[in-house]
Amino acid sequence: QVHLVESGGGLVQAGGSLRLSCATSGFNSNIKAMGWYRQAPGNQRDLVAKISIVGSTNYKDSVKGRFTISRDTAKNTVHLQMNNLQPEDTAVYFCAVESSDYTTYWGKGTLVTVSS
């Protein structure tokens, strides 16, 4: 059974940093990509950052230069380093994994709150 467990969320002041981590287990098929999405109250869930199996990345425009996604291939974990956080970054952050059978798996989310 697939499990994704996020950690690292919390409350931080504007300008501060947080590092999110997502530990995965139970994948029988290969992982194609790993990523982070976020959802603020009343908003849709949006892609924040994504990293492919070959290491290519893409980011939401508003986080470019502030957030960095990385992965540990051997451990099937993915991290999101978030610097210079702003109040508009406040949201629930979800880890997502796309497997080679085109299934996307989701974590339960971790709350990030940035105070002004």
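The values are calculated or read from the model by the stated rules, or taken from the named source; none is laboratory data. Just so it is clear, the model here is predicted, and its values are computed rather than measured. All Cβ positions, glycine included, derive from the backbone under ideal geometry; neighbour counts span all protein chains shown. Quick note on the areas: whole protein, heavy atoms, side chains included, nothing else; ligands and nucleic acids left out. Shrake-Rupley method; radii C 1.70, N 1.55, O 1.52, S 1.80 Å.
For the chain, the solvent-accessible area of protein heavy atoms averages 53 Å² per residue (probe radius 1.4 Å; ligands and nucleic acids excluded).
Under the combined filter of DSSP loop state and at most 16 neighbouring Cβ atoms within 10 Å, segment 1-73 retains these trypsin sites (Lys or Arg not before Pro): R45, K60, K64, R66.
Evaluating 6.51 cos²θ - 1.76 cosθ + 1.60 at θ = phi - 60° for every residue in segment 18-24, the Karplus couplings come out as 9, 10, 8, 10, 9, 9, 10 Hz, glycine and proline recorded as x. What does a probe at L47 reach in segment 87-116, counting residues whose amide N is under 13 Å from the point 7 Å along Cα→Cβ? Counting backbone N atoms under 13 Å from the label point, the list is 96-98. Reducing segment 8-40 and segment 68-97 to their Cα centroids gives an inter-centroid distance of 4 Å.
Along the charge dipole of the chain, pointing to its positive end and built from +1/-1 on Cβ of Lys, Arg, Asp and Glu, which listed residue (G35, G55, G9) has its Cα farthest out? Positive-most Cα among the choices belongs to G55.
Compared with the alpha-carbon gap, the fully stretched path from S100 to N28 is longer by 24.9 nm at 0.36 nm per residue. I'd like the FRET efficiency for H3 and A74, computed as 1/(1 + (r/R0)^6) with the beta carbon distance as r and R0 of 25 Å, rounded to 0.05. About 0.90, to the nearest 0.05. Surface composition of the chain: carbon and sulfur atoms hold 48% of the protein heavy-atom accessible area at a 1.4 Å probe.
Relative contact order for segment 50-96: 26 percent, from Cα pairs under 8 Å spaced at least 6 residues apart, divided by residue count.
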